[in-house]
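Written out below as structure tokens is the structure these notes cover.
The values are calculated or read from the model by the stated rules, or taken from the named source; none is laboratory data. Predicted model, so just to flag it, every value in this text is computed and none were measured. With ideal geometry, Cβ positions are generated from the backbone for all residues, glycine too; neighbour counts draw on all protein chains shown. Only protein heavy atoms, including side chains, enter the accessible area calculation; ligands, DNA and RNA are left aside. Shrake-Rupley method; radii C 1.70, N 1.55, O 1.52, S 1.80 Å.
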Amino acid sequence: IRKDVFKLIDKNLIIKKGLLILTLIIALYFSYSLLFDSGLFLRFQKLFENDDPTRINMYKTAFKLFEENPIVGIGFNNYRAVSPFQTYSHSTYAEVLATTGILGTILYFIPFLSLLVKTWFLSKAKDLIIAKNAKIMWLLLLTLLFLGTGVIHFYELSSTIALGFIIAFGNLYYRKDSKEIERR
């Protein structure tokens, strides 16, 4: 490195970033056992293991019910009434497919797909605040979709509220950003 280029580098910034990284590493080291020994993490691990026969049978039952009623399903919130488990299917995707069929599944996931496109488009906006917030909303939406594999969002109020915030953000700023693009 040339000496004149080395002099231009802000040493305080390097020290601050180094201390931040060191602090994060130390925090992760000490919180490692808290995170990986927690009940939440152990439950999350079981979600991806194949030795949970109850959950696998719930999914199989949901797909069997879908095969019997492919167009409109068995009816909203009827999985618990029809299945031998007497509870919901523990998967948003299995529940939507079994209870609403192809028509309901398409109608349920259209907003999700639309929001993925809108928030992705907004993440490329020239307004940095909108772009940053759109990336956060996009990640929140992806998180909701991922968690839907093991958690039911279909009847849950908090997931619906989170989805409502994403819809409001997407519709408000997508229209605003589109109008600004048309003016240019």
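If you take the residues in region 105-135 that are charged (D, E, K, R), touching a helix residue (DSSP H, G or I) at 6+ places or on another chain (Cβ under 9 Å) and open to solvent by 90 Å² or more (accessible area, probe 1.4 Å), which one is farthest from ILE167 (Cα to Cα)? Steps first, please.
Residues of region 105-135 that are charged (D, E, K, R), as a first pass: 118, 124, 126-127, 132, 135.
Imposing the further condition that a residue be touching a helix residue (DSSP H, G or I) at 6+ places or on another chain (Cβ under 9 Å) reduces the set to 118, 124, 126-127, 135.
Those left that are additionally open to solvent by 90 Å² or more (accessible area, probe 1.4 Å): 124, 126, 135.
Working: LYS124: 18, LYS126: 21, LYS135: 14 Å.
The qualifying residue farthest from ILE167 (Cα to Cα) is LYS126.
Table: residues versus (1) modelled with pLDDT of 85 or more; (2) crowded, with 17+ Cβ neighbours inside 10 Å.
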| residue | (1), (2) |
| --- | --- |
| TRP138 | yes, yes |
| GLY164 | yes, no |
| ALA168 | yes, no |
| LYS179 | no, no |
_Taking the conditions exactly as written (modelled with pLDDT under 90, open to solvent by less than 90 Å² (accessible area, probe 1.4 Å) and in contact with a Ser or Thr (Cβ under 8 Å, 6 or more places away or on another chain)), does SER83 satisfy them or not?_
yes
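Tell me, please, whether a residue that is surrounded by fewer than 19 Cβ atoms within 10 Å (Cβ to Cβ) and of a type in the set (A, V, I, L, M) can be found in region 88-98.
Going residue by residue through region 88-98, those that are surrounded by fewer than 19 Cβ atoms within 10 Å (Cβ to Cβ) are none.
Within region 88-98, none of the residues are surrounded by fewer than 19 Cβ atoms within 10 Å (Cβ to Cβ) and of a type in the set (A, V, I, L, M).
Given the residues ALA98, ALA125, which is the only one that is within 23 Å of the chain's Cα centre (by Cα), over 21 Å from SER158 (Cα atoms), at pLDDT 90 or above and not aromatic (Phe, Trp, Tyr)? Talk me through it step by step, then tell me what you get.
Details: ALA125 fails: at pLDDT 90 or above.
None of the other options fit; the residue is ALA98.
Given the structure, is THR149 in contact with a helix residue (DSSP H, G or I) (Cβ under 9 Å, 6 or more places away or on another chain), within 30 Å of ARG55 (Cβ to Cβ) and either at pLDDT below 85 or crowded, with 17+ Cβ neighbours inside 10 Å (or both)?
Values: in contact with a helix residue (DSSP H, G or I) (Cβ under 9 Å, 6 or more places away or on another chain): yes; within 30 Å of ARG55 (Cβ to Cβ): yes; either at pLDDT below 85 or crowded, with 17+ Cβ neighbours inside 10 Å (or both): yes.
So THR149 passes the test.
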